[in-house]
Structures are given as structure tokens and as C-alpha cells.
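Asker: Please see the structure below; I have some questions.
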Amino acid sequence: MQQWSWSAIWRAALSVATFAVPLALAQNWLTDSGRIESDGSANYLLFGLILLCGVIGGFGGAALVDHKKLEHGAAAAAVATMAIHVAGAVRRILAGEPLSSPLAWLFTALLMATCGMIGAALEKKTSGLRSTPMKRGG
């Protein structure tokens, strides 16, 4: 049985967080300041972009391993999401603000894991195309 590659998961999770955190911060700031509505199309667009970060992280997690590609893609996106939630919880505790529900954290992590699996599946489908050298000429 092949083992998990935690270095691949952490590297891909860091990639997810690099792009998802600024998007999430912008989304929170825009909705809290009233610049966009919480049920408006701009908010849904930002949420879709955050989910796209999960897809990209899943693609990266799968690209870094030769086995268990779907599992690594899902884990990368879920680990990034949980790390972001924990960091947000620490910030809220220090600021004296109420915490969001840990159940919501779990559901968000599962949603991002699903997006990570989509990215990993895309990586599996395109890995043959990317590893095949292009033929020149016609």
C-alpha cells in the first residue's frame, strides 16, 4: 500500500491559501462594508473564484505525486481550508469576536475537497497530454 506524500499536500495547500486568502479577505471586506450585497452576483463570483483555488490546488497536489492523485488533491484543498479557518478563529479570539460554527468549517472543507478532487481528475486526464512531446511539422 502506498503512503501519503505530505510534502505534496502541504505544498499544494500553500498554493491554495496563497490565492484563496486574499480573495476571502476581499470578499469579507466588501460585504461587511456594504460595497457588495451578500446575496449579490459579485459575492457569488468571489465565492466561485475561491472554489476555483481549490480546483487549482487539487490539480497541483495530484501533479506532485504518482499515486493516489484524487486523494492528494482533495487533501490539499481541505487542509488549506482548515488552516485558513483555524487562523481566522485565532484572529477572532484575539479580537474578542464570536467564532463561526466548526460544523460550517467541516462543510466548507468538504466542499473544497470536492473541488480539489475535480482538479486532481483534470490533472489525471491531462497528464498524458502534458508528458507527450509535441510533434513539429505537419
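Asker: Given Gly128, Gly48, Gly88, Gly137, which one is small (Gly, Ala, Ser), part of a helix (DSSP H, G or I), surrounded by fewer than 16 Cβ atoms within 10 Å (Cβ to Cβ) and modelled with pLDDT under 95?
Answerer: Gly128
Asker: Being in contact (Cβ under 8 Å) with a residue 12 or more places away in the chain and either over 10 Å from the mean Cα position of the chain (by Cα) or closer than 24 Å to Ala8 by Cα (or both) narrows it down to one of Ala87, Ala109, so name that one.
Answerer: From the options Ala87, Ala109, the qualifying one is Ala109.
Asker: As an exercise: evaluate Glu123 against (1) surrounded by fewer than 20 Cβ atoms within 10 Å (Cβ to Cβ); (2) touching a Phe, Trp or Tyr at 6+ places or on another chain (Cβ under 7 Å); (3) touching a residue at least 40 places away in the same chain (Cβ under 8 Å) and give the number of the one condition it does not meet.
Answerer: Against the list (1) surrounded by fewer than 20 Cβ atoms within 10 Å (Cβ to Cβ); (2) touching a Phe, Trp or Tyr at 6+ places or on another chain (Cβ under 7 Å); (3) touching a residue at least 40 places away in the same chain (Cβ under 8 Å), Glu123 comes up short only on (1).
Asker: Mind counting the residues in segment 31-44 that are under 19 Å from Arg92 (Cβ atoms), in a helix (DSSP H, G or I) and in contact with a helix residue (DSSP H, G or I) (Cβ under 9 Å, 6 or more places away or on another chain)?
Answerer: Of the residues in that region, 1 qualify.
Asker: Look through Ala77, Ala104 and report the one residue that is within 10 Å of the chain's Cα centre (by Cα) and either at pLDDT below 95 or surrounded by 11 or more Cβ atoms within 10 Å (Cβ to Cβ) (or both).
Answerer: Unique residue meeting the criteria: Ala77.
The values are calculated or read from the model by the stated rules, or taken from the named source; none is laboratory data. It should be emphasised that the depicted structure is a prediction, and the values quoted were computed from it without experimental measurement. Glycine also receives a Cβ, built like all others from the backbone with ideal geometry; neighbour counts cover every protein chain displayed.
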